[in-house]
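FYI, it's all coordinate maths here, none of it is from the lab. Keep in mind the model is a prediction, meaning the values are calculated, not measured. So basically every Cβ, Gly included, is an ideal-geometry build from the backbone, and we count neighbours across all protein chains shown.
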Amino acid sequence: MFPYLRRFCKMKNGVPIYAIDFEGSKGAGVVEFGAVGIFEGEIFFSETSICAPRAKIDFRSEKLTGISNAEASKHPPFESFAETFISMRQNGLFAAHNFSAEDSMLRSHIPSPGRVKNFLDSSETLSWAPWLDSIAFAKFLDGALQSLKLSSAASALGITAELDARAAALCPAGRAKWHCALYDALACALIIKKALEKIEDFGELKKIAAGDAQQYFGIA
């Protein structure tokens, strides 16, 4: 899917990182996804779509996300984007803010990406893991953060101006706000991007991963 990546592969962040966010629920499944790619410390890719729900979107979710059943039913189901997600995972690592929700929702639709590289070591896996978590990167940037909520961390780390500028260019009309999948994925990506400016090399990134492996990164 991304044949040009090898041409630009250097030492720092030579493995793409894809920040993922899903809007939805256990019953309805994914009703919107956002994905933002980071490579060599820069954002190079984004994709988003509303998706047809597996069951009726409940009132609370509709109010939170602004996605109605009528609107969502106009779009293809999340499974139609399976090849996009498999291709991203074949090329790099996934990340999310408090990744467990995204991992669980993704596996409920697409249980496995097939055999892919771990990327944090030399092994292979049939799992979407290991995930990177922007919570760990936020803590790396500021260990004294008062709140690790995505919106609070973005504000405390000083990335909201860049977030809003990028969202204005990348997000669909009316979706450049919190609880919209691409906007939230952009916030996650920008936290990681800011951390990468301070991380010396991929080895240091792996140390951050190892430091909070079980809680934050989905690896033992």
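Compute the angle between helix 100-109 and the longest alpha-carbon principal axis of the chain, please, reported from 0 to 90 degrees and rounded to the nearest 10.
Value to nearest ten degrees: 60.
Which of the aspartates and glutamates could a cross-linker bridge to Lys63, judged by Cα under 19 Å and excluding same-chain residues fewer than eight apart?
Asp21, Glu23, Glu32, Glu71, Asp184
Compute the helix-to-body angle for 181-196: its Cα long axis versus the longest principal axis of the chain, expressed 0 to 90° and rounded to tens.
Between helix and principal axis, roughly 10 degrees.
Considering the alpha-carbon set of the chain alone, what are its Rg and its Dmax in angstrom?
So, for the chain, Rg and Dmax equal 16.5, 48 Å respectively.
For Lys139, list the lysines whose Cα falls under 24 Å from its own Cα; do not include residues on the same chain fewer than 8 positions away.
List returned: Lys12, Lys149, Lys177, Lys193, Lys194, Lys198, Lys206, Lys207.
If you build a Gaussian network model of the chain, linking Cα atoms that sit under 10 Å apart, which residue out of Asp184, Asp103, Asp201 swings the most?
Asp201
Sort 24-30, 171-177 by the packing proxy (mean of other Cβ within 10 Å over each peptide's residues), most packed first.
Those peptides, ordered most packed to least, come out 24-30, 171-177.
222 nm [θ] for the chain, helices only, -39500 (n - 2.57) per DSSP H run of 4+, per residue, to 500?
Result for the chain, helices only: -10500 deg cm²/dmol.
Quick one: if you stick a label point 7 Å off each Cα along the C-beta vector at Glu42 and Glu197, how many nm between them?
Here the answer is 1.5 nm between the modelled labels.
If I fit a long axis through the Cα atoms of helix 82-91 and take the longest principal axis of the Cα atoms of the chain, what angle between them do I get, 0 to 90°, rounded to 10?
Once rounded, one gets 10 degrees.
Top mean-square fluctuation among Ser122, Ser152, Ser134, Gaussian network model of the chain, C-alpha springs under 10 Å?
Of Ser122, Ser152, Ser134, the most mobile in the Gaussian network model is Ser122.
Taking the number of other C-beta atoms within 10 Å as the exposure measure, put Arg115, Arg107 in order starting with the fewest.
So the residues, fewest neighbours to most, are Arg115, Arg107.
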